[in-house]
Amino acid sequence: MKETPLSNCERRFLLRAIEEKKRLDGRQTYDYRNIRISFGTDYGCCMVELGKTRVLGQVSCELVSPKLNRATEGILFFNLELSQMAAPAFEPGRQSDLLVKLNRLLERCLRNSKCIDTESLCVVAGEKVWQIRVDLHLLNHDGNIIDAASIAAIVALCHFRRPDVSVQGDEITLYTPEERDPVPLSIHHMPICVSFAFFQQGTYLLVDPNEREERVMDGLLVIAMNKHREICTIQSSGGIMLLKDQVLRCSKITGVKVAEITELILKALENDQKVRKEGGKFGFAESIANQRITAFKMEKAPIDTSDVEEKAEEIIAEAEPPSEVVSTPVLWTPGTAQIGEGVENSWGDLEDSEKEDDEGGGDEAIILDSIKMDTGVEVSDIGSQEMVFHHVGQAGLELLTSDAPIILSDSEEEEMIILEPDKNPKKIRTQTTSAKQEKAPSKKPVKRRKKKRAAN
């Protein structure tokens, strides 16, 4: 799977930020990301985190026959693997150009620099020597793989212990850790790689580039150095022309960074050895904080947010305090309301004629309640000017205004009875019943005539 290319907008944004000496994660030009080193339960197993780039290192050993041209020297073997778990662009089962370049650089940095005494790995000259194998697995890729891999390799070698052996004649005896304490490797110095990314044909320089910065860089310079300021290897890639002043400046920066990283490595090894002697808990599981789902930790914000609360309190203090009195709604008329100190609503102003109608509305309400109790009519008040009555059954009653006549109807047909509003509303029930009685006899003779006709 090919990696997703950067868009032109992202590329221009990154280059513009680098020109202004700004980085996406808030670092300065020569700043390294946070380095975290943790050890496994076995000797020679470690994990190095450089920001979000994570590399797992494991060292193993076995007795083998030496090389013919170097009969008294042990064998060192380095292997770096890029899995798809680290990044989807890495393809399994085939060695990419990046992987070959990284493996060669690691061998030049650690094996060709003679950081390990290979003669101390000889058991029987010309017959048996120790072969030390360093396996490095990239767990997550966020840029600068070579720096994280070199730190993981040297830390794993410093932490490793090989079994003790004894030779009696032609017999070679291996002792378990319970019988004899394992023997550490003889390490002369600790070479560490430091990467520099160049932009705009060497105009701008960054230390420890991340994955996005690596995509837009023009060239890369890797310098391997120990704390004694001895350059072990140097490699430039990308096809850019560097001046000698630039290389010298990078070497000075490398000396400072290597001294800091070496001190961190020695401190981590000392702490692990102290915990193992005291019989405390150790391993990857103990290095992960409790109640955490992932091993990644949230990085600190690149923007300083320490004085945010103080600034917020100053802004609140300068602002006008809110009113303590809670505003209550003002009911001008039924169906309208006003909350707060806004402009008065002109819809709420009543005219003189409407006010007179409201005074007579109380009498109408009493009459309507009596109508509802006697005839079973539902009353719905719509505004202050119009009232409509809906009967639950068939009969319907409609009252338009206080001065309008009351209209009674038994059904939805045209036949209706009009009553004057001045009459007593209690008589409405008698009128409605009398109206039904008047209609009843007119219907019965019709049915009798139909029967007689049927008999004839």
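The values are calculated or read from the model by the stated rules, or taken from the named source; none is laboratory data. Since we're looking at a predicted model, the values are computed, not measured. So basically every Cβ, Gly included, is an ideal-geometry build from the backbone, and we count neighbours across all protein chains shown. Just the protein is used for accessible areas: all its heavy atoms, side chains included, with ligands, DNA and RNA removed. Shrake-Rupley method; radii C 1.70, N 1.55, O 1.52, S 1.80 Å.
Worth pointing out:
- Looking only at the stretch 227-248, and only at residues there that are out of contact with any strand residue (DSSP E or B) (no Cβ under 7 Å at 6 or more places or on another chain) and touching a residue at least 12 places away in the same chain (Cβ under 8 Å), the one that is most open to solvent (accessible area, probe 1.4 Å): Met241
- Some residue of the stretch 154-169 being surrounded by 18 or more Cβ atoms within 10 Å (Cβ to Cβ) and over 22 Å from Gln273 (Cα atoms): no
- Entirely in the stretch 44-135, the strands (runs of 3 or more DSSP E) that have 2 or more residues that are in contact with a Leu (Cβ under 6 Å, 6 or more places away or on another chain): 53-64, 75-82
- If you go through the stretch 249-274 and keep only what is in contact (Cβ under 8 Å) with a residue 40 or more places away in the chain and β-branched (Val, Ile, Thr), you end up with Ile253, Thr254, Val258, Ile261, Thr262, Ile265.
- Entry remark, the stretch 179-201: residues being in contact (Cβ under 8 Å) with a residue 24 or more places away in the chain and open to solvent by 10 Å² or more (accessible area, probe 1.4 Å) number 10 in total.
- Pairs, first on the phi > 0 side of the Ramachandran plot in the stretch 111-138, second among the β-branched types (Val, Ile, Thr) and open to solvent by 10 Å² or more (accessible area, probe 1.4 Å), C-beta under 9 Å, six or more apart: Gly126/Thr72
- Val258 satisfies every condition listed in (1) among the hydrophobic types (A, V, I, L, M, F, W, C); (2) open to solvent by less than 20 Å² (accessible area, probe 1.4 Å); (3) not in a helix (DSSP H, G or I) except (3).
- Among the candidates Phe39, Phe77, residue that is open to solvent by less than 50 Å² (accessible area, probe 1.4 Å) and closer than 27 Å to His159 by Cβ: Phe39
- Test: residue in the stretch 198-208 that is over 20 Å from Arg111 (Cα atoms), over 40 Å from the mean Cα position of the chain (by Cα) and of a type outside the set (Ser, Thr, Tyr): no
- Scan of the stretch 1-21 for residues that are open to solvent by 100 Å² or more (accessible area, probe 1.4 Å) and under 30 Å from Met85 (Cα atoms), ordered by number: Met1, Lys2, Glu3, Pro5, Asn8, Arg12, Phe13
- Selection of the stretch 80-101 for residues being out of contact with any helix residue (DSSP H, G or I) (no Cβ under 7 Å at 6 or more places or on another chain), aliphatic (A, V, I, L, M) and surrounded by 12 or more Cβ atoms within 10 Å (Cβ to Cβ) yields Met85, Ala86, Ala87, Ala89, Leu98, Leu99.
- Residues of the stretch 233-256 satisfying the condition of being among the aliphatic types (A, V, I, L, M) and farther than 20 Å from Leu106 by Cβ: Ile240, Met241, Leu242, Leu243, Val247, Leu248, Ile253, Val256
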